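Asks: Okay, handing you the structure first.
The values are calculated or read from the model by the stated rules, or taken from the named source; none is laboratory data. Values in this document were obtained by computation on a predicted structure and should not be read as measured data. Every residue, glycine as well, gets a Cβ built from its backbone with ideal geometry; the counts of neighbours run over all protein chains shown. Surface areas here come from the heavy atoms of the whole protein model, side chains and all, with no ligands, DNA or RNA. Shrake-Rupley method; radii C 1.70, N 1.55, O 1.52, S 1.80 Å.
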Amino acid sequence: MLVCDSIITEAQTNKKTLVGVFDTWHVPQTPFTIGPFWVYIKMTDATGKYIFRLKLVVLDNEKVVAEAVTREVEIKDRLSAFEIPLPMPPIPIPEFGGYELQIYANDVYVGRSVVNVQRIVGG
Amino acid sequence: MTTTIDDIQVSPAGQQFPRPIQEGQQHVYLHAGPFLFELQAVSHTAAANLEIQGAPASLLLGNVSDPRLRVRVPIPVRIVREGNTFVASFDAVDEFGYGQNRSEALEDLAKSIAALYFSLAAQNERLGEDLKSVRSRLDQYLERRLSR
């Protein structure tokens, strides 16, 4: 799972180009609204019907800041990879520190990506 | 309030820039792929309630972060906090993981489970009855991953 500024999808080939991959937001104060941004998720080894849930949580105490849930999706080929490019709108962030994007498939935890929110230093 | 798909501006590059979500507000997006996401901002009040209630003490683990292994059945994990350390445990095989937060503890546990699986597999012929039982329980949850 990667966080980036934008994802460009080539129309004919469906290839994805991730632009501006990052793991830290630099903000002047909190609370602060971050984004918009994109989350790119690529998974394999799934078969059947799934509801995916993406949570943005505060790392230290698991406070949920935002949550996204898909409708049910059917994946047929376990050996193929599938991609989820997800555009995220601006989200209000309550405090500085570590955050985590957690991905669940049918409420089963399958992975995470850590992102940090730091104060802008200097002028 | 729900934003319908028609309300969202889509750029020629396919990017979507909805207005910022506010507490309790829901948006619905349609992607180029087959996934339709409904996004909700959790209010700070709701977040405070979560803190009072505490994060879930158990969850189901679907990934042991070892490319050689596949989780067949989600692994039930208990998570407790002991001082500044989080402890994740898989009681069926008596394995533990430790970390400074829940996710670190989960990752440590996942590595321990994978290491145990391969350790028992390597010594399969010499296992006593207790360890054969542990191996059997692990086999209910894990299997070697297929490859093309």
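Asks: Radius of gyration and Dmax for the range B:67-148's Cα atoms, expressed in Å?
Replies: For the range B:67-148, the Cα radius of gyration and maximum Cα-Cα distance read 13.6, 46 Å.
Asks: Output the pairs from A:Lys42/B:Lys111; A:Lys16/A:Lys49; A:Lys15/A:Lys55; A:Lys55/B:Lys132 with a Cα-Cα distance over 29 Å in this structure; if there are none, say none.
Replies: Details: A:Lys42/B:Lys111 21 Å; A:Lys16/A:Lys49 24 Å; A:Lys15/A:Lys55 26 Å; A:Lys55/B:Lys132 38 Å.
Too far apart for the 29 Å limit: A:Lys55/B:Lys132.
Asks: Compute for chains A and B the buried accessible surface, both sides summed, probe 1.4 Å, and express it in Å² to the nearest 100.
Replies: 3800 Å²
Asks: Towards the positive end of the charge dipole of the range A:44-112, with charges on Cβ (+1 Lys, Arg; -1 Asp, Glu), say which of A:Thr47, A:Pro90, A:Ala68 has the farthest Cα.
Replies: The Cα lying farthest towards the positive end belongs to A:Thr47.
Asks: Compute the distance in nm between two label points, each set 7 Å from the Cα along the Cα-to-Cβ direction, one at B:Arg144 and one at A:Asn14.
Replies: 3.2 nm
Asks: Would chain A count as rounded, prolate or oblate if I go by the C-alpha gyration tensor, calling it rounded below 1.5 in a/c and otherwise prolate when a/b exceeds b/c, oblate otherwise? The partial results should precede the final answer.
Replies: Numbers: a/c = 2.60, a/b = 1.56, b/c = 1.67.
Judged from the Cα gyration tensor, chain A comes out oblate (a/c at least 1.5, b/c at or above a/b).
Asks: As an exercise, identify the trypsin sites (Lys or Arg not before Pro) in the range A:1-83 lying in DSSP coil whose Cβ has no more than 13 other Cβ atoms within 10 Å. Don't jump to the answer; show the numbers that get you there.
Replies: Details: sites: A:Lys15, A:Lys16, A:Lys42, A:Lys49, A:Arg53, A:Lys55, A:Lys63, A:Arg71, A:Lys76, A:Arg78; in loops: A:Lys15, A:Lys63, A:Arg71, A:Lys76, A:Arg78.
Sparse-neighbourhood loop trypsin sites (Lys or Arg not before Pro): A:Lys15, A:Arg71, A:Lys76, A:Arg78.
Asks: Rounded to whole Hz and in sequence order, give me ³J(HN,Hα) for the range A:91-103 from the Karplus expression 6.51 cos²θ - 1.76 cosθ + 1.60, θ = phi - 60°, writing x for Gly and Pro.
Replies: Karplus values, whole Hz, x for Gly and Pro: 10, x, 9, x, 7, 6, x, x, 10, 9, 9, 10, 10.
Asks: Pull out the extension gain between A:Val69 and A:Val121, defined as 0.36 nm times the separation in residues minus the alpha carbon to alpha carbon distance; nm, one decimal.
Replies: Values: separation 52, 0.36 × 52 = 18.72 nm, distance 3.53 nm.
Length gained, A:Val69 through A:Val121: 15.2 nm.
Asks: What is the range A:14-123's relative contact order, in percent, from Cα pairs under 8 angstrom and six or more apart in sequence? Walk me through the numbers before you get to the answer.
Replies: On the way: 219 pairs, mean separation 40.0, N = 110.
About 36 percent, as a whole number.
Asks: From the Cα trace of the range A:53-99, what convex hull volume per residue do you get, rounded to a whole Å³? All intermediate terms of the calculation are to be shown ahead of the outcome.
Replies: Numbers: hull volume 5.4 nm³, N = 47.
Dividing the Cα hull volume of the range A:53-99 by its residue count gives 114 Å³.
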